[in-house]
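Q: Before we start, here is the structure in question, set down as structure tokens.
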Amino acid sequence: MFQSALDDSGKDGISPAFVLAGYSARPAEFMDMADAWRALLTKEPKLDYIKGYEAFGLHTQFKDWTVDERDQRLLEFIELIARYSGKGIAFVIDSEPFSLIKNLKDEAGVSFKDPYQVAYLWSISTLLQVLPDLGEDVMDMVFDCDLITRRQAARAYKSILKEWPTEITQRLLRKEPHWEDDRQFLPLQAADLLAYCVRAGRDPDERHDRVRDSPVYAAMRSIPTALAYVDRER
């Protein structure tokens, strides 16, 4: 069995892009990653959790930290991601080009009006199709329980189960979304960091230069990550 821990970043109509991203590993690898992640959180100065917007904004958990202190600690977490997973995936929907297809429907009649639901459909179908290439036959997709788009995730599951062939849908461990708290299922904190960095890379706003210019961003990009997107150039 494989698990994929996924989190989102960005809001339709507010952010230039919506991102659903995360990492995949076998459950034992995620358990080892969680143990190492938890131990690193307790290193002085201690952290309760990792969230990208807090880290790069130097507030809340990272209040009074310097940029160098922040970067050095995050690089240690990224080393754990590379060691225990090394399999990232990110689904990116840039708002402007997506607006051009909002009124379209696919062959199954699925509307493209809602970018969130499209991202979930995209992620579920892609991960299920590549699963045999990973040497596994069952996928457990774990989503952060704080996602702003839980209803769309449920709709995507129903659509996949209704429209896709049984030989594909039977690879799903669960027939509905699997929600977890990122403070309990720690790989979701890695997913949050990836989603935030990917969105920062797609947002031309100068305030995201602090992310793009960080060695943390370069280290995240060095981990193999499959990107699928509706982008500005297409």
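Q: Is it possible to state the helix-based mean residue ellipticity at 222 nm for the chain, with each DSSP H run of 4+ residues giving -39500 (n - 2.57), the sum divided by total residues, to the nearest 500 deg cm²/dmol? What is it?
A: Working: 10 runs with 105 residues, N = 234.
The helix contribution divided over the chain gives -13500 deg cm²/dmol.
Q: Do any of K63/K87; K43/K175; K11/K43; K11/K175; K63/K175; K51/K87 go past 29 Å between their Cα atoms, and which?
A: Working: K63/K87 31 Å; K43/K175 39 Å; K11/K43 33 Å; K11/K175 26 Å; K63/K175 41 Å; K51/K87 20 Å.
Table pairs above 29 Å Cα-Cα are K63/K87; K43/K175; K11/K43; K63/K175.
Q: To the nearest Å, what is the center-to-center distance of the range 1-60 and the range 67-97, using C-alpha atoms only?
A: 8 Å
Q: In the range 25-55, which trypsin sites (Lys or Arg not before Pro) fall in coil by DSSP and have 11 or fewer other Cβ atoms within 10 Å? Write out the running numbers ahead of the final one.
A: Values: sites: R38, K43, K46, K51; in loops: K43, K46, K51.
Taking the range 25-55 and a limit of 11 other Cβ atoms within 10 Å, the loop trypsin sites (Lys or Arg not before Pro) found are K43, K46.
Q: Stretch L58-K175 to full length: gain in nm at 0.36 nm per residue minus the Cα-Cα span? Kindly include the intermediate steps, with their values, before the conclusion.
A: Working: separation 117, 0.36 × 117 = 42.12 nm, distance 3.91 nm.
Net length gain for the segment: 38.2 nm.
Q: Report the accessible area of D64, computed with a 1.4 Å probe over the heavy atoms of all protein chains in place, in Å² rounded to the nearest 10.
A: Its accessible surface works out to 140 Å², give or take rounding.
Q: Out of all Cα-Cα pairs in the chain, roughly what percent, to the nearest whole number, are more than 23 Å apart?
A: On the way: 12891 of 27261 pairs.
The share of Cα pairs beyond 23 Å in the chain comes to 47 percent.
Q: If you don't mind, another one. Picking from S159, A219, Y23, whose Cα lies most toward the positive end of the charge dipole for the chain (charges on Cβ: Lys, Arg +1; Asp, Glu -1)?
A: Farthest towards the positive end: S159.
Q: I'd like the orientation of helix 27-41 relative to the chain: the angle between its Cα long axis and the longest Cα principal axis, in ° from 0 to 90, rounded to 10.
A: That works out to roughly 30 degrees.
The values are calculated or read from the model by the stated rules, or taken from the named source; none is laboratory data. Computed from a predicted model, the values in this text were never measured in an experiment. Positions of Cβ are backbone-derived with ideal geometry, glycine not excepted, and every protein chain shown enters the neighbour counts. Areas reflect the complete protein model, heavy atoms only, side chains present, ligands, DNA and RNA absent. Shrake-Rupley method; radii C 1.70, N 1.55, O 1.52, S 1.80 Å.
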